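Remarks on the structure that follows.
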Amino acid sequence: MRIVPVPCLKDNYAYLVADDIGSAVIVDASEAAPVRAALQREGFHAKAIWSTHHHPDHVGGNEELADELDLEVVGHVSDGARIPALTKGVEMGDTVTMGDLKAHCLHIPGHTLGAVAYFLEHGGDRVVFTGDTLFCAGCGRLFEGTPAQMHASLTCLLALPGDTRVHCGHEYTESNLRFAAHVEPSNADVRAAQERAAKLRAEGKPTMGSTLDHEKKTNPFVRVGSAELRRTLGIEPDADDVTAFAAIRAAKDSFR
């Protein structure tokens, strides 16, 4: 399995996920031209688009690429009217396949109500495509869902094997880590992650590919029990996890 990030728009990523013979899935076809160019450069033959959610910056290339390349388009069953060119609706627990690649579909509402993650295991590698639900050191804004839904969705993702690599929808890592360092200033793992992200960006490389185990150490939205984080944001020590999550999300929304 090969994974090729494709920078799109201002800070989005589409992904090409290819099997051993060069057949590929496009995850989140943000726009057609960069994806088309990446397919040609890599010599891949696209077979499907797997959309994580309906926002235009993730599905803007769906219709053009699906029509041009005769692609199956996958997304959550509830988004039939919102994901362009959708041909296959999936729900929690469904699987989608392309060649010898098989993805387990996880319904993860919060950012949107129809958000889906795609989890693959192949040749000893594990990867999850999380769209705008779980970012490296962050999570998406709650445009449609509730704090309880997003907290449950992150908990669902964190239940996957710890060595699963996270490929998300935006290059927000450095900004997310600045917030993480603000709320947990003594967290050495966050400082190390900041150094790594700065080095990668200076080299013009994506910061994607953090593991779930690493997120547990650095991502404030999954560290709702951290005593230091709670002190920084004035969250009561005995507040439940959803209440803590909601306070963290509100603090990040206003963080500059």
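From the set of residues in region 24-33 that are at negative phi and not aliphatic (A, V, I, L, M), which is surrounded by the most Cβ atoms within 10 Å (Cβ to Cβ)? Steps first, please.
Within region 24-33, the first condition is being at negative phi, and the residues that meet it are 24-27, 29-33.
Applying the additional criterion that residues be not aliphatic (A, V, I, L, M) yields 30-31.
Values: SER30: 25, GLU31: 21.
Top of the filtered list is SER30.
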Legend entry - LEU106 open to solvent by 10 Å² or more (accessible area, probe 1.4 Å), touching a residue at least 40 places away in the same chain (Cβ under 8 Å) and out of contact with any Lys or Arg (no Cβ under 9 Å at 6 or more places or on another chain): yes
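Quick one: which strands (runs of 3 or more DSSP E) lie wholly within region 58-109 and hold at least 2 residues that are among the aliphatic types (A, V, I, L, M)? Lay out the reasoning, then the answer.
Working: elements: 72-76, 88-90, 95-98, 101-107.
The qualifying strands (runs of 3 or more DSSP E) are 72-76, 95-98, 101-107.
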Inset, instruction - Determine whether PRO237 is in contact with a Phe, Trp or Tyr (Cβ under 7 Å, 6 or more places away or on another chain), more than 28 Å from VAL6 (Cβ to Cβ), surrounded by fewer than 22 Cβ atoms within 10 Å (Cβ to Cβ) and not aliphatic (A, V, I, L, M). - result: no
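Can you confirm whether THR218 is closer than 26 Å to TYR118 by Cβ, without any contact (Cβ under 8 Å) to a residue 60 or more places away in the chain and within 18 Å of the chain's Cα centre (by Cα)? Can you show your working first?
On the way: closer than 26 Å to TYR118 by Cβ: yes; without any contact (Cβ under 8 Å) to a residue 60 or more places away in the chain: no; within 18 Å of the chain's Cα centre (by Cα): yes.
Considered against the rule, which asks whether it is closer than 26 Å to TYR118 by Cβ, without any contact (Cβ under 8 Å) to a residue 60 or more places away in the chain and within 18 Å of the chain's Cα centre (by Cα), THR218 comes out as no.
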Inset, instruction - Please enumerate the residues belonging to region 110-125 that are part of a strand (DSSP E or B) and touching a strand residue (DSSP E or B) at 6+ places or on another chain (Cβ under 7 Å). - result: VAL116, ALA117, TYR118, PHE119, LEU120, HIS122
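Being closer than 20 Å to HIS167 by Cβ and open to solvent by 70 Å² or more (accessible area, probe 1.4 Å) is the filter here, so list the residues in region 73-91 that pass it. Lay out the reasoning, then the answer.
Filtering region 73-91 down to residues closer than 20 Å to HIS167 by Cβ leaves 73-76, 83, 90.
Within region 73-91, none qualify.
Report, by residue number, each residue of region 34-45 that is touching a residue at least 12 places away in the same chain (Cβ under 8 Å) and either in a helix (DSSP H, G or I) or buried (at least 24 other Cβ atoms within 10 Å of the Cβ) (or both).
Residues satisfying the conditions are PRO34, VAL35, ARG36, ALA38, LEU39, GLU42.
The values are calculated or read from the model by the stated rules, or taken from the named source; none is laboratory data. All values reported here derive from a predicted model rather than from experimental measurement. Positions of Cβ are backbone-derived with ideal geometry, glycine not excepted, and every protein chain shown enters the neighbour counts. SASA here: full protein model, heavy atoms, side chains in, ligands and nucleic acids out. Shrake-Rupley method; radii C 1.70, N 1.55, O 1.52, S 1.80 Å.
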